[in-house]
Amino acid sequence: MIGQQIFNGLTLGMAYALIAVGYSLVFGILRLVNFSHGSVYAFGAHAALLFVGMKLGIFPAILMSLIFTGVLGILIDKTALEPLRKKKSMPIASLITTIGISNIIQNMLTATFGSQKKAFPALFDFGVISVGKLQISWTQICMCIISLMLMLVLVLLVHKTKIGLAMRACEQNPKAASMMGINVNFIISFTFFLGGVSAAIAGALISGYYQIVYPNMGYMAGLKAFAAAVLGGIGSLPGALIGGLLVGVSESMAATFLGSTYRDCMAFIILIIVLIVRPNGLFGKKGITKV
Amino acid sequence: MNDIKQKKNFNIILYLEQFIDRFKLPLAVSSAVLLLIFPHLLTNQYILTIVVKVGIYIILALGLNILTGYVGLVSLGHAGFVAIGAYTASLLATRLGLGFFLSMLCGMICAGIAGILLGLPTLRLSGTYLSIVTLGFGEIIKTIAMNWDSVTNGTLGVKNIPSPSIFGLKLTIANGGFYYLMLVMLLIVTLFCYVTYKSRTGRAFLAIKTDEMAGIMMGINVTYYKVLAFVLSACICASAGALYASLIGYIDPNTFTFDVSTMILSIVILGGMGTIRGMFIGSIILITFPELSRSLMDYRFVVYGLILVLMMRFRPQGLLGWKSQMPYKLSKSITRKLEQARSDKQENLSQ
Amino acid sequence: GCTNNSATSSESTSDSTSTTKETESTQSSESTETIKIAVAAPMTGDTAEYGIGFTNAAQLMADEWNANGGVLGQQIEIVPYDDKNSSEEAATIAQKIVSEGDIAGVIGHFSSGVCLTAAPIYQQNQIIEISPSASHPDYSLVGDYIFRNNTVIKSEAAASIDIATQDLGKKNIGIISIKTDWGTNTSQVIKDLVEQLGSDVKVVAHEEVVEGSDDYSPAITKLNEAGADVVICAGMYNLVAPVAKQYKQINPDIQIVGFSNAYSQQLIELGGDSVEGVCFPVIFFSESQDEKIKTYVDAFTKAYGTAPSALSSQAYDSVGMLLTAIEQAGTTDSQQVRKFLADLGYDGVTGYTKFDENGDVQKDFIKVTIKDGTFVKMD
Amino acid sequence: MAYLQVNEITKRFGGIVAVDKVSFEVNKGEIVSIIGPNGAGKTTVFNMLTGVYTIDEGEIVFDGKPIHNQKPQDIVKVGISRTFQNIRLFYDLRVVENVLVGTHINTNYNFFDSVFRTPRFRKEEDDKVYNAIRILQSIGLDNRRDDYAQNLPYGDQRKLEIARAIATGAKVLLLDEPAAGMNPQESAELLQFIRSLKVQGYTVIMIEHDMSVVMNISDRIYVIDHGKPIAKGIPSEIANNERVIEAYLGGVNINA
Amino acid sequence: MLKIENLHTYYGNIHALKGIDLEVKEGEIVSLIGSNGAGKSTLLSTITGVAHAKSGSITFKSNNITNIPTYHIANTGISISPEGREVFPALTVEENLRLGAYIVKDKKKIEEGYERVYKLFPRLQERYKQTAGTLSGGEQQMLAIGRALMSNPQLLLLDEPSLGLAPNIVLLIFDLIRSINEQGITILLIEQNANMALSVSNRAYVLENGTVSMSGDAKQIANDPRVKKAYLGQA
Ligand SMILES: Nc1ncnc2c1ncn2[C@@H]1O[C@H](COP(=O)(O)OP(=O)(O)OP(=O)(O)O)[C@@H](O)[C@H]1O
Ligand SMILES: Nc1ncnc2c1ncn2[C@@H]1O[C@H](COP(=O)(O)OP(=O)(O)OP(=O)(O)O)[C@@H](O)[C@H]1O
Ligand SMILES: [Mg+2]
Ligand SMILES: [Mg+2]
């Protein structure tokens, strides 16, 4: 049973990791916890549901939802966050703004789609394979593969390309970055686009796995993914992956040994323990404290 | 254009401050009278309930403001402290029949201890890392409240929490007593915050917020002040929690969700963090708005979110979050001493 | 959004018919044009669908009355209040309703915990509350103005166990329940009842799960390891469907028994093939051949696009009972109405209803299962 | 033994030995300068003296007591205070409040006093404010008392840092490039001010690249390069030291 | 090449530049001196679009560049070593330099840039993998200057380049200013070390309280008694 539970946890962890990437991307450039990300994820899932309903075929539908959600990300940045940056406001103002945005998106979803849980078609449903006593479904395997690929693409993008270097420069010192000829607002919007796309991928994959979609789906998952991102060292993409897996497995273990009702705080207990030992998360860079 | 507008703003703030400074006494007296007779002007219990709720949220915001507005530690889990205060007080009141004030005090002590337990290990954390730990704290407290059935009654919650009473007089919304109780507590907390800020404690808080390293180099014991801020903040929020529990008469783990934490934080930021005045306006707006907009139904919280976004968009420093433009206030004795020194010097020169 | 439309459309027809009814208002009541009935339930948030369902059902009932001239010669107005299914909101709402001064009665609050917060306020201010969904035994004990049109947990749990043990003939019961006041209570009641049964039926495992996570695999794995051959699922459709789905992946033979609040068209939509064979006891069955129910279901489906759920139907009947009591009392004075309500025998779509001394009801259960994607009576 | 005695302190960062067995001593009332090329390890020495960095080897003895590896806030209490190479003021506070924060440690009223506004609180608070204003007057910042530190020009910010360090009541001041960003005229004024500190009995240790300041004011100078001490002596000796000229002064002619 | 007319800049309500007129001709070294808070850095910020000009105009190579986004300005061939160094603290020395050449498309040019900077400041080559935030103050200053050189600018703005540098490096910097000017780069220089600045410059402007109080030939300015008294520390 332990084996099965660990595997359950890993799949769940992949789901968290997928969402956590979005937090890390935006945090990695703005030092901002984007609380609207959970809602953007729910939006992505609903968009996919909507386009699937239009009978475009499942993959075109998902592609459409990726684009729409990416655009939503840009929209959030352009309408609400960029003006704040222009005013050089405190970071916390942006945080509150993202909470507001989260409210707007989530309640708009409820108002248009209703609060009830809706069925989502299964993706990659090629049945189950048994390895010894383990039952592994193809959906799970595909989810893992796609997450890993996404992660790899993003890591390469951030660390090996010029735009990635620009992203890191903007995070460090936006003023100096613009002096170097970097269009900071474009880079930030681009990051939000990536965040939106990753949220939509997460939305489609996770909905396809659980076959459920509802406006509030990003709430708890979002918080835990955020915890996972921080656990791994927020801003670090591999950190998001490891953090997500760790949270997933520990939840699964908690559910097994303590009972499912404790699982929601498991992510946070692990998080607190890790942070006390490593204040910047597992892969987080230490802040520069030279005086 | 923009600059001219800002220039005007600046003058308005200075003018406003001078105005308030000059008419301190009449303003204070008239608002006190207004607040005191308020329940007699209005017999509508619903409105009175809302007003009390606004008051409770002001206390909560004042509590969080110590930590976030002054020390710069952003907490996303203050619902946890509220829960500790509310649960401790209500359990003591319902199970042991303890009086309101005693049980509130116990709630505050428990929250204070929780403040230490949370504050100490997280000293090394900063920024987002601390915020997420506080968030986790809030969730953990909620989970404990949900699962520790034998004590907290689990998801069934605590029912029939008695109203506070003084000398056998039950303070309820109906007889206005609850309102006055809220008023007194609010006054005490406000004064407490005021005197704390106007002392070396307040300065140490601000120093830690703006530059922790420089603060350390001034000999400030950062550990002590951070933990102190946690404790004060926790105690104040716990007292509000106890008050809240006896207002509603029923609590369960879902009373203390993440949304409560973000609500308190939003009040602090929207009002203007690091100010006392801001907490009042922030709470009034954010608590009354959802009530006023009931007719919007489904779109109520869409509009609520919109308000948050717009307010931040146009006043990111918070509605009343300006820095005082008045000269630094010196006490009379200092002015006298300085005058003295100056004239001495002049004498010396002329000699 | 549909509620407003139907309210206005029915108004035009009312004038012509109002004269036919000969109920004059004896009571003091001021010159208010309408009699207001509050529906207080979650209209936003996770459980908004239930509140909206209540409102829709209440509106349907009001429309029917209004078409026949309303009550006491006045039109009936349904006023929705959103409590977000939160106790604190509910307390405020209750205060607001009390302060309005012209609310003839309250249909609602959704979950038991919320009801328990609001009920004392209504009781103190002598306002009638009928909850279509509260099932906690304490709820109706709050006072004599507090009623419910839902069975208490115990009777429904007994019915579920009966399905599991008698109809399905299983011995090893697993319980999976949501961690809410209702879920906790229900699972406790199930355990107690099973224990009383004695014999060789036993609860082999009990897992509690929280809402807001869609991954139930750890709990399911545990239940399966424990050897459960039937699982009683104490949760709404949104728990039953994913549990069925995830359970059938690892054990296709598992039998799942639910409760009446899982009885909703969405269960089938959400669960697809996996919910085939899920059974539960209901007091309202929309496929029923009963004329009254048929016309109701048709009207509801026409107005709102979906068939009514069990809980909505209970709200529908609750409004009917309240209006009947007002009509009988000849006044909206709640003291009077309360008396008539307490003595009322009402034959509605959710069966014959008669309140006992606490304000509780006894209902007969129909056993329903899902077959080929539709609800059918069990045989 | 000297007032402040530093014995062979060493600091490593990964592979880099930033400070390698540096020793020096400072007597009461002296002005001692530490100079050396960029990246020589001067600021690191200050960071070790004030407890920002723990030292890997060696010892620091102040007034007869070892103070290495004590917490920074305790070292301030012992009486050593500093300014920063990259200015670190409390930008949201007013000028006078910045100085008041400096008085933090030698304030004796407790939390209770401040909550109940006891006479003790009032008296001490008044004393502190008065004291702060006097310090500002002495450094020539009195006219900017009510301004927020943020709005000061660079040079005034440097002065405010010094004022804040003095306010801690420390008798040893560590000044890290106090004249950076000042024009020759302003440096000359600063020089006067530091001299006046000496007169008042302060001990000053200074890092500075402006030779017109260093050579005119220092009682003694220590030179380090690549973390290692390379010379020490009075200004005229240093100005003519071959190694120092080669590593640090280059072709700059010093009129010491 | 660069022409500034009647420029006004505000920080909120602080009027920092009160009508500046200034010109830099191609191939010149122009220095800008003035006491603390005179508005020198503000002028550079306004040129680079970091601070917002309220009125007046800035023309560069006969294009109006007033208040256009900072990144555009970098693309026109203006590069800056700003006040306060503004390095990217968590990025390595090498990455910082790479960012300096962000607008350069030609890979070979970038490689040449590295070589040039490393030859100039061997210290930076020693530390090319170190994160910039942990460099010493002077090392950071070298990095800021090196980074500004990476983009092969036509106009180089230097804000107190000698700040915090050792005397021998200061000499090096001034040599550098001379030599890159000879390579055809126009330079606008802010210095507190007015003596040396004036000695390398063709022309100079003296800023006081947000206005130009004096301008002219560098030698002439250096010999002006008021300048001597106020900025050169010579009575
Ligand atoms: N935290 C750190 N991590 C890694 N290296 C460091 C750290 N702090 C300092 N260094 C290195 O140690 C050396 C000494 O730095 P320090 O700041 O003491 O120099 P300095 O003598 O003050 O130079 P400057 O005159 O330029 O300020 C430098 O090479 C620097 O890169
Ligand atoms: N960000 C800012 N906000 C408000 N005021 C500012 C800001 N930056 C500069 N100032 C003010 O603008 C004026 C000009 O400052 P600026 O930095 O341009 O001077 P400077 O000549 O570069 O001085 P320094 O030699 O000290 O660098 C000063 O009075 C300063 O206080
Ligand atoms: Mg240094
Ligand atoms: Mg400057």
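Taking every pair of Cα atoms in chain B, average 1/r, invert it to obtain the Kirkwood radius, and report Rg/Rh to two decimals.
Across chain B, the Cα-based Rg/Rh ratio is 1.02.
Is there a quick way to get the dipole size of the protein assembly as shown? I mean about its Cα centre, with the Cβ of Lys and Arg at +1 and of Asp and Glu at -1; what is the value in debye to the nearest 20? Please report the intermediate quantities before stating the final value.
Numbers: 125 positive and 128 negative charges, 1156 e Å.
For the protein assembly as shown, the charge dipole is close to 5560 debye.
At R0 = 22 Å, how high is the FRET efficiency between D:Asp142 and B:Tyr194 if r is their beta carbon distance? Nearest 0.05 is fine.
That pair, D:Asp142 with B:Tyr194, gives E of 0.20.
Go ahead and estimate [θ] at 222 nm for chain B from helices alone: -39,500 (n - 2.57) per DSSP H run with n ≥ 4, summed, over the residue count, rounded to 500.
The helix-only estimate for chain B comes to -24000 deg cm²/dmol at 222 nm.
Sticking to Cα atoms, compute the Rg of chain E to one decimal and its Dmax as the biggest Cα-Cα distance, whole number, in Å.
Values for chain E (Cα only, Rg and Dmax): 17.2, 52 Å.
Please calculate the 1.4 Å probe accessible area of E:His15, with all protein chains present, and give it to the nearest 10 Å².
Looks like 60 Å² after rounding.
With springs only between Cα atoms under 10 Å apart, run a GNM on chain B and tell me which of B:Ser283, B:Ser103, B:Ser165 wobbles the most.
Top of the fluctuation ranking is B:Ser165.
GNM on chain D, C-alpha springs below 10 Å: top fluctuator among D:Ile245, D:Ile221, D:Ile162?
D:Ile245
Given an 8 Å cut-off on Cα distances and at least 6 residues of separation, report the relative contact order of chain B as a percent.
Working: 485 pairs, mean separation 100.0, N = 351.
Over chain B, the number comes to 29 percent.
Could you tally the net charge around B:Leu130, taking each other residue with its Cβ under 13 Å from the Cβ of B:Leu130, Lys/Arg +1 and Asp/Glu -1?
Result for the local shell: +2.
Mean residue ellipticity at 222 nm from the helices of chain E, using -39,500 (n - 2.57) per DSSP H segment of n ≥ 4 over the full residue count, to the nearest 500 deg cm²/dmol? Don't skip to the answer; put the middle values down first.
On the way: 10 runs with 90 residues, N = 235.
One gets -11000 deg cm²/dmol as the mean residue ellipticity at 222 nm.
Summarise the accessible area of segment A:13-216 (1.4 Å probe, protein heavy atoms) by the percent that is carbon and sulfur.
73 percent
Can you report the principal axis dimensions of segment B:19-146 using only the alpha carbons, biggest first, rounded to whole angstrom?
47, 43, 24
Give me D for the protein assembly as shown in µm² s⁻¹, whole number, from Stokes-Einstein with Rh from the Kirkwood sum over alpha-carbon pairs, 25 °C and 0.890 mPa s.
In µm²/s, the coefficient rounds to 68.
Checking an interface number: how much accessible area is buried between B and C, summed over both chains, with a 1.4 Å probe, in Å² rounded to 100?
Roughly 2200 Å².
Within the set of other residues whose C-beta is less than 11 Å from the C-beta of C:Asn251, count the net charge using Lys and Arg as +1 and Asp and Glu as -1.
Local net charge: -2.
Could you list, in their original order, any pairs among A:Lys224/B:Lys159; C:Lys170/C:Lys245; A:Lys118/A:Lys224; D:Lys159/D:Lys198 whose Cα atoms are separated by more than 25 Å?
From the list (A:Lys224/B:Lys159; C:Lys170/C:Lys245; A:Lys118/A:Lys224; D:Lys159/D:Lys198), the Cα-Cα distance tops 25 Å for A:Lys224/B:Lys159.
Compute the distribution of all C-alpha to C-alpha distances in segment E:1-79, in bins of 5 Å from 0, and list the percent of pairs in each, rounded to whole numbers.
Calculated over all Cα pairs of segment E:1-79, the distribution is 3, 15, 28, 27, 19, 7, 1, 0 percent.
Evaluate the relative contact order of segment A:13-216 (contact order divided by residue number), counting alpha-carbon pairs under 8 angstrom at least 6 apart; express in whole percent.
44 percent
Only helical DSSP H runs with n ≥ 4 go in: add -39500 (n - 2.57) per run for chain C, normalise by residue count and round the 222 nm mean residue ellipticity to 500 deg cm²/dmol.
The per-residue figure over chain C is -14000 deg cm²/dmol.
Can you give the accessible area per residue of segment A:13-216, in Å², using a 1.4 Å probe?
Computed with neighbouring chains in place, this is 34 Å² per residue.
Relative to the compact-globule scaling 2.2 N^0.38 Å, provide the ratio for the alpha-carbon radius of gyration of chain D. Before the final figure, lay out each step's value.
On the way: Rg = 18.9 Å, N = 256, 2.2 N^0.38 = 18.1 Å.
Here the Cα radius of gyration is 1.04 times the empirical estimate.
Given the convex hull over the Cα atoms of chain C, what projected area results after averaging over all orientations, in nm²?
17.7 nm²
Across the Cα atoms of segment E:82-152, what radius of gyration and what greatest pairwise Cα-Cα distance (Dmax) are found, in Å?
Looking at segment E:82-152, its Cα Rg and Dmax stand at 10.9, 31 Å.
At a Förster distance of 35 Å, what's the computed FRET efficiency of B:Ile166 paired with D:Lys71, Cβ-Cβ distance as r, to 0.05? Before the final figure, lay out the partial values.
Details: r = 48 Å, r/R0 = 1.36.
Here the calculated transfer efficiency is 0.15.
Which one of A:Met108, A:Ala17, A:Gly132 has its Cα pushed farthest toward the positive end of the charge dipole of segment A:1-156, where Lys and Arg give +1 and Asp and Glu give -1 at the Cβ?
Of A:Met108, A:Ala17, A:Gly132, it is A:Met108.
Considering only DSSP beta bridges whose two residues both sit in the protein assembly as shown, what percent are antiparallel, to the nearest 5?
Beta bridges within the protein assembly as shown, antiparallel portion: roughly 50 percent.
Can you bin every Cα-Cα distance in segment E:93-216 into 10 Å intervals starting at zero and give me the percent of pairs per bin, rounded to whole numbers?
In whole percents, the pair-distance histogram is 12, 42, 33, 12, 1.
Please state, to two decimals, what the Cα-based radius of gyration of segment D:80-120 comes to when divided by 2.2 N^0.38 Å (N = residues).
That works out to 1.50 for segment D:80-120.
Let me confirm one metric for peptide C:216-229, namely the mean number of other chain beta-carbon atoms within 10 Å of its residues' beta-carbons. Show your work: numbers first, answer last.
Values: counts 4, 10, 16, 6, 2, 10, 7, 0, 2, 4, 0, 0, 0, 0.
What the average comes to for C:216-229 is 4.
Hey, could you pull the Cα Rg and Dmax for segment A:127-226, both in Å?
Cα only, segment A:127-226: 18.1, 60 Å (Rg, Dmax).
Report P(r) for segment A:1-95: all Cα-Cα distances, bin width 10 Å, range 0 to the bin holding the largest distance, values in whole percent.
In whole percents, the pair-distance histogram is 14, 34, 29, 17, 5, 0.
How large a share of the accessible area of segment B:73-147, in percent, is made up of carbon and sulfur atoms when the probe is 1.4 Å and the other protein chains stay in place? Kindly include the intermediate steps, with their values, before the conclusion.
Details: 1830 of 2380 Å².
Carbon and sulfur: 77 percent of the exposed surface of segment B:73-147.
To the nearest 10 Å², what's E:Leu198's accessible area with a 1.4 Å probe?
It works out to around 10 Å².
Testing the spin-label approximation: label points 7 Å from Cα along Cα→Cβ at C:Glu33 and C:Gln249. State their distance in nm.
5.6 nm
So if the hydrodynamic radius of segment E:145-184 is defined as the Kirkwood radius over C-alpha pairs, what does Stokes-Einstein give as its diffusion coefficient at 37 °C and 0.692 mPa s, in µm² per second?
Working: Rh = 10.8 Å.
D = 305 µm²/s.
With only alpha-carbon atoms in the gyration tensor, what are the semi-axes of the equivalent ellipsoid for segment C:41-128, in Å, largest first? Present the calculation step by step, with values, prior to reporting the outcome.
On the way: eigenvalues 106, 56, 16 Å².
Its equivalent ellipsoid spans semi-axes of 23, 17, 9 Å.
Of C:Asp102, C:Asp360, C:Asp215, which has the largest mean-square fluctuation in a 10 Å C-alpha GNM of chain C?
Among C:Asp102, C:Asp360, C:Asp215, the largest GNM mean-square fluctuation belongs to C:Asp215.
Quick one: Cα convex hull volume of segment D:1-133, Å³ per residue? Display every interim value, and only then the final one.
Details: hull volume 20.7 nm³, N = 133.
Value for segment D:1-133: 156 Å³ per residue.
Please find the FRET efficiency linking B:Glu17 to E:His52, where r is the Cβ-Cβ separation and R0 is fixed at 41 Å, and quote it to the nearest 0.05.
Details: r = 28 Å, r/R0 = 0.67.
Efficiency for this residue pair is about 0.90.
With an 8 Å cut-off on Cα pairs and a minimum separation of 6 or more residues, tell me the relative contact order of chain E in percent. All intermediate terms of the calculation are to be shown ahead of the outcome.
Numbers: 450 pairs, mean separation 63.1, N = 235.
Worked out over chain E, it gives 27 percent.
For chain E, give me the percentage of DSSP beta bridges that are antiparallel, rounded to the nearest 5 percent.
Among the beta bridges of chain E, antiparallel pairing accounts for roughly 55 percent.
Antiparallel versus total DSSP beta bridges in chain D: what percent is that, nearest 5?
55 percent
Determine the shielding of peptide B:293-299 by partner chains: average, over its residues, the number of Cβ atoms on other chains within 10 angstrom of each Cβ.
For this peptide, the per-residue mean of nearby foreign Cβ atoms is 6.
What is the mean projected area of the alpha carbon convex hull for segment C:158-287, to one decimal in square nanometres?
7.3 nm²
Would you mind getting the Kirkwood hydrodynamic radius of segment A:13-216 from its Cα pairs, rounded to one decimal in Å?
By the Kirkwood definition, the hydrodynamic radius is 17.7 Å.
Provide the per-residue ³J(HN,Hα) series for segment C:63-70, in order, calculated from phi with Karplus coefficients 6.51, -1.76, 1.60 and θ = phi - 60°, each as a whole number of Hz, with x at glycine and proline positions.
Values, residue by residue: 4, 4, 5, 4, 4, 9, x, x Hz.
Within the set A:Lys133/C:Lys171; C:Lys96/C:Lys339; A:Lys87/A:Lys175, which residue pairs have Cα atoms separated by over 18 Å?
Values: A:Lys133/C:Lys171 25 Å; C:Lys96/C:Lys339 24 Å; A:Lys87/A:Lys175 13 Å.
Violating the 18 Å Cα-Cα cut-off are A:Lys133/C:Lys171; C:Lys96/C:Lys339.
For segment B:71-163, what is the Kirkwood estimate of the hydrodynamic radius, computed as the reciprocal of the mean inverse distance between distinct Cα atoms, to one decimal in Å?
13.9 Å
To the nearest 100 Å², how much accessible surface do chains D and E hide from each other in total, with a 1.4 Å probe?
Counting protein atoms only, the buried area is about 2100 Å².
The values are calculated or read from the model by the stated rules, or taken from the named source; none is laboratory data. Just so you know, these numbers come straight off a predicted model, no measurement behind them. Cβ coordinates were reconstructed from backbone atoms using ideal geometry, including for glycine residues, and neighbour counts include every protein chain displayed. SASA here: full protein model, heavy atoms, side chains in, ligands and nucleic acids out. Shrake-Rupley method; radii C 1.70, N 1.55, O 1.52, S 1.80 Å.
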